[in-house]
Amino acid sequence: MKLKSLLNKLASEKELGSIPRPYFNHSVEKKKAFTAEQRAEVLARVGLNVFFFPSEMITGCDLLSDSGVTTMTNEQWAALHMGDEAYGSNRGYFALKDQIRTTFGEVFFNEPGKGEPNAFIFHQGRASEDALFTQVGRLGQNMIVPSNGHFDTTGANIEANRMQALNLFCDELADRDLGFHFKGNMNVVKLKSLLEEARDRVPLIYLTITNNTAGGQPVSMENIRAVSSLAHQYKIPFFFDACRFAENAWFIQQHEHGYKSKQVKDIVHEMFSHADGFTISFKKDGLTNMGGGLFLKADGLFVKKYPQIPGVLLDYQILKEGHPTYGGLSGRDIMALASGLAAVTDKEYLAYRINQVREFGEGMCSRGVPVVMPVGGHAVYVDVDKFFEGTKMRPDDFGGVALCAVLLAAYGHRACELGYFTFGHFDRVKKVDIFPEVNFVRFAVPRLRYEKQDLDAVAEAMRVLHNCRNEIPGVKVTYGRELPLRHFKARFEFK
Ligand code: F0G
């Protein structure tokens, strides 16, 4: 009784302002020691392209991507040992089927032998995009696939199939109103006018949740509902690029009216009830190192409008990946994925995860580094134009590329440019650079991997670089300026 009354008097963990992580380290990997000179030398050798920099030399945080770099739980490691490497109908296939049905809804994975095949496992997200857009690209000429923000591989897969990948960012993305939480929304006004003009040229409409290209910002349920109903009004199927579905659902729970008391799991169900299908990379909210998929709603508009596609997709999957019951994944990866999907909607995990990214972003902000606010789910995005405001940096100096190179060499932290270089292109005819609307350097935070101390070190390094922004030179592209997906291949030199 005494203890009970004492407990009532003591401040809660929340009031103390310091809440322990909802997990502890299960196993750790030691880093090797390298100097800034050693890193600078190797970086120069790989043409300042951070993708080619050896990860073993990263002495700070590797924030190149949040994809496939999750630290797995002990349950996932245990699940790996339960992997069944049979060529057909391995144990994991059934575990994954049940988990997909539980997480997203039964309509997204027909029981084997019942109904059309509608669930296609692939080894990565982009392989499922390739499968989908190869088929969709055959439906007509001059087609347009609108989105709130296509990821680079999604856009590239659409364009490789001679369609236009169109980004309809919402107006709020550009404004500094910190109170608006859903800057990942699609611009519904622009979508409507596109559909008025060109409905017959739109084979499907995409929403990326969360919106990686637009600062990792979430999409509201209201926007999901509006886009879905507009799509259906024009008889066009509606899809998600669902990589970070759980993080998106968490934002809806926290910030959208009417969702506070709903569980993330139920919010996910509601989100997916509006979609006719989705592509997904499980390397994000699947909490795994590998995996992807394409899922079509049974009796949804996509399978109704294009009834020939599921059968062709099955053949495509067999040709490119493997038997539909493993789809390019090893049995052990499938087991780890089923376990990861079950864990990702856990409320303590999600609250910790998203608050960690938020505190990291706010830490940069309080140190004077211009970041997109409010912070999105998986990454902090530094606004490169604002970072170099008042300096001599010009758009074709690719300041974001230069900033990443200096950060990596000086402090051993790896981030990546998602801006003028990544999303821009070089017009070979006019011999000019075409720049996109957004110009960011992204600091993607791997799940369950780094601690506050690590991320504080990155924020501090960025403070110092911001103070020295006048001294950061631009870069010249020495190779690959005119190539597609050029950021993965290009080489640079400091000017
Ligand atoms: N869609 C989105 C929104 C993504 O962020 C990614 C990958 C993909 C599709 C493709 O999935 O890598 O499994 O083929 N994004 C990673 C990133 C690579 O760093 O943002 P994948």
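Tabulated data for the structure shown
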quantity	calculated
For the chain: relative contact order, % (alpha-carbon pairs under 8 angstrom, 6 or more apart)	22 percent
Net length gained if the chain between Thr134 and Asp385 were fully extended (0.36 nm per residue, minus Cα distance)	86.7 nm
Shape call, the chain: gyration tensor on alpha carbons, a/c limit 1.5	rounded
Given the chain, longest segment not containing exposed loop GluC sites (Glu not before Pro) (DSSP; at most 15 other Cβ within 10 Å)	86-388
Of Lys2/Lys260; Lys114/Lys320; Lys283/Lys489; Lys192/Lys265; Lys265/Lys320; Lys31/Lys283, those spanning more than 26 Å from alpha-carbon to alpha-carbon	Lys2/Lys260; Lys192/Lys265; Lys265/Lys320
His255-Leu483 pseudo-label distance in nm [points 7 Å out on the Cα-to-Cβ vector]	3.7 nm
The chain, helix-only ellipticity at 222 nm - DSSP H runs n ≥ 4, -39,500 (n - 2.57), divided by all residues, nearest 500	-11500 deg cm²/dmol
Förster radius 30 Å - calculated FRET efficiency between Leu178 and Lys392 (Cβ-Cβ, nearest 0.05)	0.50
Pairwise FRET efficiency - Val312 versus Asp200, Cβ, R0 = 22 Å, nearest 0.05	0.50
Globularity index of region 357-495, i.e. its alpha-carbon radius of gyration over 2.2 N^0.38 Å	1.04
Prolate/oblate/rounded call for region 75-343, Cα gyration tensor, a/c under 1.5 rounded	oblate
Solvent-accessible area per residue for the chain (1.4 angstrom probe, square angstrom)	44 Å²
Gain upon complete extension [Glu56, Phe34; 0.36 nm per residue less C-alpha separation]	7.0 nm
Accessible area in the full protein assembly, largest first, 1.4 Å probe, for Thr73, Thr325	Thr73, Thr325
For region 239-297: rounded, prolate or oblate by the Cα gyration tensor [a/c cutoff 1.5]	oblate
Under 14 Å, Cβ to Cβ, from Val46 - net charge with Lys/Arg +1 and Asp/Glu -1	+2
Simple label model, 7 Å out from Cα along Cβ direction - Ala44 to His425, nm	3.4 nm
Eligible lysines near Lys495 by straight Cα distance, threshold 24 Å, same-chain separation 8 or greater	Lys386, Lys392, Lys430, Lys431, Lys476
Efficiency of FRET from Cβ geometry, Met82 and Ala457, R₀ 45 Å, rounded to 0.05	0.75
Spatially proximal aspartates and glutamates relative to Lys262 (Cα-Cα < 14 Å; intrachain offsets below 8 disregarded)	Glu270, Asp346
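The values are calculated or read from the model by the stated rules, or taken from the named source; none is laboratory data. Remember, it's a predicted structure, so these values are computed and weren't measured experimentally. Here the Cβ is made from the backbone with ideal geometry for all residues, glycine too, and neighbour counts use every protein chain on show. Heads up: the accessible areas ignore ligands, DNA and RNA and are worked out on the full protein's heavy atoms, side chains in. Shrake-Rupley method; radii C 1.70, N 1.55, O 1.52, S 1.80 Å.
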